[in-house]
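Below you'll find the structure, written out as structure tokens, and then a few comments.
The numbers here are math on the coordinates, done by the rules we state, and not lab data. Since we're looking at a predicted model, the values are computed, not measured. Here the Cβ positions follow ideal geometry from the backbone for every residue, glycine too, while neighbour counts run over all protein chains shown.
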Amino acid sequence: MQPGNPAKRLRIFTAVIVVIAVFFVGRLFQVQVLLADEINQESLASRSVAQVLPALRGEILDSTGKVLAKSVLKYDINASPKDVGPLQKTVDGVTVEIPVSQLVSQIAGILAMTPEDVAAKIAGTSNYANIKRGVDSKTYDQLRKIGIPWLYYDKRSSRTYPSGALAGSLLGFLNTDGEPFGGIESQYDKCLAGQDGTESFEKSEDWVKIPDSVVTTTEAINGRNVHLTLNADLQYFAQQVLAQNVAKLKADWATAVVIEVKTGKILVAAEAPTMDPNAPGKTDASSRKARVFETSFEPGSVIKTITAATLLDQNKATPATQVIAPYSWKVPGTNGYIVTDSHTHPDDKLTLAGVLRDSSNTGIMKLGQAVDDKTRFDYLVNFGMGKKSGLKFPGEASGFVLPYDQWDGIKKYVSMFGQGFAVTPLQSAMMYQTIANKGVMLPPVLVDGCEDKNGNLVSAPIKPGKRVISESAAKSTMDMLEKVVEQGGIPKSAAVPGYRVGGKTGTAEIRDEATGRYGNLYAISFIGVAPAEDPQYVVAVTAFKSRTIRNSFGATPIFKNIMQQVLRTYRVAPSTTKSISIPTEWK
């Protein structure tokens with residue numbers, strides 16, 4: 001073999017080295033210059049963590065500023081099990097190692113858990129383990145101050161209702177996904193809901209936020225507050241009274257509505273049983289409804305007031321108009337259909353005021369037939385029957401009134417005392433607001449308004465009132481309602497000492513939907529106004545399917561308790577005058 005040429009081998013080796021060097025230099029240029037931005041972005045993406053900064057939902061406030069619903073930040077406490085280890089801490093210049101067992105005990109103590117439970121949750125080699133969800137900010141701060149590198153935290157917004165079941169069904173609630181369900185939460189979601197922000201930061205291999213990393217934040221925009229017309233203290237009082245009486249009456253439910261006569265504002269919309277929006281799943285579906293707005297029923301004799309007002313407004317009667325009211329009356333044109341009063345009595349010689357006082361079915365029918373069907377139907381509709389109130393409350397019922405051209409001989413007459421159609425508790429209260437407000441029906445108001453981004457209250461638009469009956473007819477109707485309370489048997493128990501009160505009872509048979517017949521359970525009501533000489537407040541009370549007291553004796557104590565509290569709360573001066581003299585009987 002010929003010996004190699006050293007010079008030639010050197011040239012070849014040098015050429016190979018140069019080629020390799022050129023390749024690496026080119027690759028380095030490509031990485032550091034041409035692809036630098038792309039690689040940096042990929043590197044940042046691998047280290048970057050994006051988090052949602054939850055916006056706080058706006059508060060729901062009562063008319064005095066009391067918070068009925070609010071959102072707070074809660075924290076999920078998480079760990080990275082694969083990184084669990086002792087904590088190195090420097091104390092007074094000395095590095096101290098805190099063992100895992102001691103850290104576990106500290107975590108358990110702060111979270112009110114057992115060390116065994118915490119140890120079990122952080123065991124393993126995964127990057128994620130939840131230790132506890134939804135702790136408050138105080139607990140979060142206590143944990144964060146320890147500085148455990150393998151713990152990390154997720155913020156989330158949590159809805160809370162500080163007063164529990166106070167106005168629960170009216171407020172609504174948020175489901176597990178944070179979506180509003182029912183009530184004010186749903187109706188005013190556009191005002192209450194905020195806009196979540198975002199936060200991004202770089203993490204180390206052990207999932208700890210790098211302190212000097214660039215953090216890009218889109219600020220969260222919190223929701224705005226909604227102001228209600230409710231008085232929370234009165235609402236609470238009314239709910240307690242209702243709850244006690246539902247148990248006493250063994251009723252399915254009861255409602256109470258308080259209306260400010262001259263504004264239409266709803267001060268109380270109470271019911272029992274009701275829902276705690278903090279735990280809606282613990283309440284059956286029927287009690288998650290706001291019955292004041294969503295439930296309708298036959299009103300019974302409270303409608304005799306509307307029939308009487310119609311007669312007065314049409315100049316077909318005066319409070320002193322006379323009628324002979326028998327115990328039973330064969331309804332004309334019905335092939336012998338008989339209507340009776342609630343109790344046996346001889347033929348009574350009553351005036352229209354006396355018919356209301358005694359709540360005579362026969363008397364109101366005999367007088368009421370003086371108004372033709374179409375006219376009376378129009379008055380029922382103008383008083384709010386068969387149509388929603390305009391509140392736009394979710395699930396609000398419209399009630400029901402059959403068109404007059406579909407009335408048969410029976411419905412024509414029984415509608416005069418509240419059978420054959422249905423109203424909501426709110427509708428029945430607003431009928432009496434109309435009479436108390438000199439014949440002008442105001443739109444009911446539940447929400448004063450929503451705040452703007454600067455925290456200023458933007459009042460909700462309010463439609464003008466509508467005249468339903470003349471001022472003189474309304475005044476005469478109020479005068480007769482006073483006689484009902486002063487002289488009537490059951491209504492006397494609704495009298496409020498020191499005040500002139502007008503009102504009317506209602507004991508409505510409840511129709512069985514399966515059979516179409518009326519049973520032996522009733523919706524018992526009392527709707528009253530005070531002070532009668534200058535009406536300020538309407539209180540409307542209903543108890544549905546009362547089983548122990550089956551007439552309005554079960555409703556009048558509820559009315560009295562609530563009306564007394566309303567007058568006391570708003571410091572209404574006692575009456576200083578007496579009611580006018582109206583004959584209720586004749587000879």
Residues other than PHE421 with Cβ under 9 Å of its Cβ, Lys/Arg counted +1 and Asp/Glu -1, net out at 0
Placing one equal point scatterer on each C-alpha of the stretch 534-587 and summing with Debye, one gets log10 I(q)/I(0) at q = 0.14, 0.17, 0.28 Å⁻¹ equal to -0.61, -0.78, -1.08
Here FRET efficiency (C-beta to C-beta, THR114 to VAL72, R₀ 25 Å, nearest 0.05) is 0.40
Rounded to a whole number, the Stokes-Einstein D of the stretch 232-569 in µm²/s (Kirkwood radius over Cα pairs; 20 °C; 1.002 mPa s) is 107 µm²/s
For the pair ASP452 and GLU97, the simple spin-label estimate (label points 7 Å beyond Cα toward Cβ) gives in nm 6.3 nm
Sorted on mean Cβ neighbours within 10 Å (highest first), peptides 188-195, 227-234 come out as 227-234, 188-195
Taking placed amide H atoms and a strict 5 Å upper bound, the residues 5 or more places from LEU87 or on another chain that come that close are ILE98
Under the 7 Å Cα-to-Cβ spin-label approximation, ASN127 and ARG9 lie apart by a distance in nanometres of 5.3 nm
Around LEU53 (Cβ within 10 Å, Cβ-to-Cβ, excluding LEU53; K/R +1, D/E -1) the net charge comes to -2
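When all alpha-carbon pairs of the chain are counted, what percent fall beyond 36 Å? List each step's numbers first, then the result.
Values: 89050 of 171991 pairs.
The share of Cα pairs beyond 36 Å in the chain comes to 52 percent.
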If one compares the long axis through the Cα atoms of helix 137-146 with the longest principal axis of the Cα atoms of the chain, the angle in degrees, nearest 10, works out at 10 degrees
Length gained, GLN487-LYS330, 0.36 nm per residue minus C-alpha separation, equals 53.7 nm
Of the convex hull drawn through the C-alpha atoms of the stretch 300-363, the volume per residue in Å³ is 90 Å³
Placing each pseudo-label 7 Å from Cα in the direction of the beta carbon, ALA370 and GLU585 end up separated by a distance in nanometres of 2.2 nm
Of 165-176, 279-290, 561-572, 352-363, ordering from highest average Cβ density within 10 Å down gives 352-363, 165-176, 561-572, 279-290
Here the gain from full extension of ASP136 to ALA573, 0.36 nm per residue of separation minus their alpha-carbon distance, amounts to 152.6 nm
Under the helix-only model (-39500 (n - 2.57) for each DSSP H run of 4 or more, divided by the residues of the chain), the mean residue ellipticity at 222 nm, to 500 deg cm²/dmol, is -9500 deg cm²/dmol
In degrees rounded to 10, the 0-90 angle between helix 232-249 Cα long axis and the longest Cα principal axis of the chain is 60 degrees
Computed over the chain: longest principal axis from alpha-carbon atoms vs helix 556-569 long axis, angle to nearest 10 degrees, is 60 degrees
Net charge (Lys, Arg +1; Asp, Glu -1) of residues whose beta-carbon lies under 12 Å from that of LYS262, LYS262 excluded, is 0
